[in-house]
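Asks: One structure follows; several queries about it will come next.
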Amino acid sequence: MSMLARLVPMPLHSFMLLIVWLMINASLSVGHILLGTLLGIIIPLLCAPLKVPQPSIKKPLKVVSYVLLVIKDIIVANIEVAKLVLGPMNKINPGFIAVPLDLKDNFPITVLASTVTMTPGTVSAEVTKDKAWLYVHVLNMPLDEQELVDVIKQRYESRIKEIFAC
Amino acid sequence: MSFTVELIISVLLVIGSVFVLIGSIGLLRLQDLYVRLHAPTKATTVGLGSILVASMIYMTFVQGFFSINELLITLFLVITAPVTAHILAKAAMHNKVKALERTKNMDLMRTAREQLPPEKNQDVK
């Protein structure tokens, strides 16, 4: 058992590598399964020393609803940004805001920052070293800045917190 | 391939191309680096997304098997695009790239550079 655990330190990652390998090659032949398994064993072995412990996903079902919400927001964002881009340039009022972070770990913060970048008119620009603030550039600043901060916190951060249960 | 399928594929392709075009127009028209970042990161996700969905439908109906590579492309795109945008914005801020004159809360760029919380007199809590 310990031998197996040493050979496959990250079973989930190994399995994912095999799946991705098969997806890339779009085949289920024995050769590709063997090669995929080999890669699935070798790559995690090489990467294991780099691994930093991260909180795991506690509620997988919430991930699905979160992804759907983000997809919906991305489509809305695209239409909004498209309108702004094609409209007069002097109507765009950019600005920066700082969002206080409740999340403490790197992975959830990465998910939040990526979501912020993908959604309506916002790009995350910096996370402070103490992981307390997320600086965000806003394409078109609403009159009430606090409202935007609240949207990011309630719409995305609270959901991410639920997913990781932290 | 029936007419309906062809129609769906064409509509998706047109939507995709329009959004990619808008992304490029945005890159050309917008006025400073930070604002420019918004156009390609946003307008291309839906653009490429719908082109990939069109490709998936086409492959499924013409080749007769479910093509899965598009899903992988979408996944890699969704993972990498925000990271690039974040690093570009961060690098620009640390290199003191000038923002538009009318950018609000310009002093946040300085506090972000120095890894400090925003100053108290800000109306952000």
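The values are calculated or read from the model by the stated rules, or taken from the named source; none is laboratory data. Please read these numbers as outputs of a predicted model, since none were measured by experiment. Glycine gets a Cβ as well: all are built from the backbone with ideal geometry, and neighbour counts include every protein chain shown.
Asks: Of everything in segment A:17-69, what is in contact with an Asp or Glu (Cβ under 8 Å, 6 or more places away or on another chain) and at pLDDT 85 or above? Give them in sequence order.
Replies: A:62 - this is the single residue of segment A:17-69 that is in contact with an Asp or Glu (Cβ under 8 Å, 6 or more places away or on another chain) and at pLDDT 85 or above.
Asks: Restricting to segment A:81-110, name every residue that is under 22 Å from the mean Cα position of the chain (by Cα), at the interface with chain B (Cβ under 9 Å from one of its Cβ atoms) and surrounded by fewer than 22 Cβ atoms within 10 Å (Cβ to Cβ).
Replies: The answer is A:100, A:110.
Asks: Do you know which residues across segment A:122-166 are assigned to a loop (DSSP other than H, G, I, E, B) and under 17 Å from the mean Cα position of the chain (by Cα)?
Replies: A:131, A:165, A:166
Asks: Among the residues of segment B:83-91, is any modelled with pLDDT of 85 or more, crowded, with 21+ Cβ neighbours inside 10 Å and farther than 28 Å from residue A:144 by Cβ?
Replies: Within segment B:83-91, none of the residues are modelled with pLDDT of 85 or more, crowded, with 21+ Cβ neighbours inside 10 Å and farther than 28 Å from residue A:144 by Cβ.
Asks: Quick test for you: out of B:103, B:74, pick the one residue that is among the hydroxyl-bearing types (Ser, Thr, Tyr), in contact (Cβ under 8 Å) with a residue 12 or more places away in the chain and facing chain A (nearest Cβ under 9 Å).
Replies: B:103
Asks: Please pick out the residue among B:108, B:88, B:37 that is within 17 Å of residue A:126 (Cβ to Cβ) and out of contact with any helix residue (DSSP H, G or I) (no Cβ under 9 Å at 6 or more places or on another chain).
Replies: Step by step, each of B:108, B:88, B:37 is checked, and only B:108 is within 17 Å of residue A:126 (Cβ to Cβ) and out of contact with any helix residue (DSSP H, G or I) (no Cβ under 9 Å at 6 or more places or on another chain).
Asks: Using the structure shown, decide if residue A:30 is within 28 Å of residue B:47 (Cα to Cα) and among the β-branched types (Val, Ile, Thr).
Replies: So residue A:30 fails the test.
Asks: Given the residues A:20, A:52, which is the only one that is under 29 Å from residue A:108 (Cα atoms), of a type in the set (Val, Ile, Thr) and either touching a Ser or Thr at 6+ places or on another chain (Cβ under 8 Å) or outside any helix (DSSP H, G or I) (or both)?
Replies: The match here is A:52.
Asks: Go through A:18, A:69, A:61 for me and flag whichever is exposed (fewer than 14 other Cβ atoms within 10 Å of the Cβ) and over 30 Å from residue B:100 (Cβ atoms).
Replies: Going through A:18, A:69, A:61 in turn, the sole match is A:61.
Asks: Test each condition in (1) at pLDDT 85 or above; (2) under 26 Å from residue A:83 (Cβ atoms); (3) of a type outside the set (Val, Ile, Thr) for residue A:121 and report the one that comes out false.
Replies: (1)
Asks: Considering each of B:45, B:41, B:60 in turn, give the residue that is more than 10 Å from chain A (Cβ to nearest Cβ) and either under 26 Å from residue A:26 (Cβ atoms) or at pLDDT below 80 (or both).
Replies: Just a single option satisfies the conditions, and that option is B:60.
Asks: Given the residues A:117, A:110, which is the only one that is within 30 Å of residue A:9 (Cα to Cα), free of Cβ contacts under 8 Å to residues at least 12 places away in the same chain and part of a helix (DSSP H, G or I)?
Replies: Exactly one residue qualifies, and that residue is A:110.
Asks: Considering (1) farther than 25 Å from residue B:108 by Cα; (2) touching a His at 6+ places or on another chain (Cβ under 9 Å), say which one residue A:121 fails and leave the rest.
Replies: So the condition that residue A:121 fails would be (1).
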